[in-house]
1. Determine which member of the set 240, 265 is assigned to a helix (DSSP H, G or I), without any contact (Cβ under 8 Å) to a residue 24 or more places away in the chain and more than 23 Å from residue 39 (Cβ to Cβ).
2. Quickly run through the range 89-98 and pick out the residues that are surrounded by 19 or more Cβ atoms within 10 Å (Cβ to Cβ) and closer than 28 Å to residue 194 by Cβ.
3. Sort through 104, 75, 122 and tell me the only one that's under 23 Å from residue 301 (Cα atoms), at pLDDT 85 or above, surrounded by fewer than 20 Cβ atoms within 10 Å (Cβ to Cβ) and small (Gly, Ala, Ser).
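The values are calculated or read from the model by the stated rules, or taken from the named source; none is laboratory data. Small disclaimer: the values here were computed from a predicted structure and weren't measured. Heads up, the Cβs are rebuilt from the backbone with ideal geometry, glycines too, and the neighbour counts pull from every protein chain shown.
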Amino acid sequence: MRKTLLWVYGLVVLAFFVYFIIETDWNSLKLTEIIANWPLILVALAVALAARMVMALNWFMMLSILNKPRPTRFAPILSVYAVSWMGRYIPGKVSQYIYRLSVAGHLGLSKKRVVSTSLVEALLQLSVFSALSFLALTGLPQWELQNNYLPLLVIGIATVLFSMAHPKSLKLTAGKIAQFRQVPEITAEDIPSGRSNLITVALFTLVAFFNGLTLFLMTISLAPGSVSATQLPLFVGIASLASAGSLLAIFAPSGVGVVEIIFFSALILLGVPEAAALGASLLWRIIAILADVAFVAISAAGVRDEPSSL
C-alpha cells in the first residue's frame, strides 16, 4: 500500500509539473527582473521552505505531546509529513492523510493519534488562515466585498473551526472518521489538548507570516517600489485568503488557479502594475513547487535508515 501510494504520488506530481511547464506563459514572468533580483528570490524560496518545516514541526509536536513520556523522533515524522504534503497535488485533499495512515503502523505510530492530530491540523490551519484573511478583506483599497458582511463571516467561520478542534468536540468527529477508516476507538488520551491546540495556532500564524513575506518578496523583486514594508500585514492577509481558498478548493491540485487569481486581483488593487502582478502570481507557484521538492529532498536526507518505531 505504501509503495503504491508513493508511485501514485510521484506520477501525479510529475504530471502536474509537466502540465505546469507546458501551460505557463513564461513571457509574463519578467525573467530579466527575476535574474536581476535573484537574492530576493532565493530568500523567498528559503522562507517558503521554512513555512513547510514549521508545519512538519507542528505535527511532530502534537504527536510528541500525546506520546509522552515515550520519545518521538523528528526525522521520521518529517519524512512522512513531507511525502504526505505532496498529496496536495492530487485532487480531493485526502490522499495525504491516507498516506499517513498507511505508514503509521510501520513507524510505530498510533493510527488513532494520526487521525486526531491530522484532523486538528486541518481544522486549525483553515481557522487561522480564515481569521487572518480578515486583514485582506478589510484592508485592500476598493475591494468589492469589504462593505458587506464577508469579513465578519470569515471570523465566524474561523471561530467555528477553532471550536470544532476543542478536545470534547473533536472526539466525536474523529471517532466517526476513525470508524470509516477502520481505526480502533479514539479515547480522550488520543485527542490533542487545548494547550497543544494553542501551540498549533501559534505555529500556523507563523506559517501565515512566512507565506505573506514570500509573496511580498516576490512582488518587490518584480516591481520595486510598488509596495512598502508597512503593507506586510496586508500581504499576510492576502496569502492567508489564498491559502484558505486553496484548502477549500478540494478538486484543484494544490489550489492551482484559485491562489493565482486571488494574488493577481489583490496585487492589482494594491497598485502593482498588471504585468508584475501576473508575474508575481506565477512566480509564487514556481517557488512553491521548488520549495516542495526541496522539502522532500531534505526530509529524505534526514532519514537514511527508517526506524521500526518512534
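1. 265
2. Of everything in the range 89-98, those that are surrounded by 19 or more Cβ atoms within 10 Å (Cβ to Cβ) and closer than 28 Å to residue 194 by Cβ turn out to be 93, 96, 97.
3. Going through 104, 75, 122 in turn, just one is under 23 Å from residue 301 (Cα atoms), at pLDDT 85 or above, surrounded by fewer than 20 Cβ atoms within 10 Å (Cβ to Cβ) and small (Gly, Ala, Ser): 75.
For (1) among the acidic types (Asp, Glu); (2) within 28 Å of residue 49 (Cα to Cα); (3) at pLDDT 85 or above; (4) not in a helix (DSSP H, G or I), each residue gets a yes or a no:
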residue	(1), (2), (3), (4)
178	no, no, no, no
183	no, no, no, yes
186	no, no, no, yes
200	no, yes, yes, no
206	no, yes, yes, no
221	no, yes, yes, no
225	no, yes, yes, yes
230	no, yes, yes, no
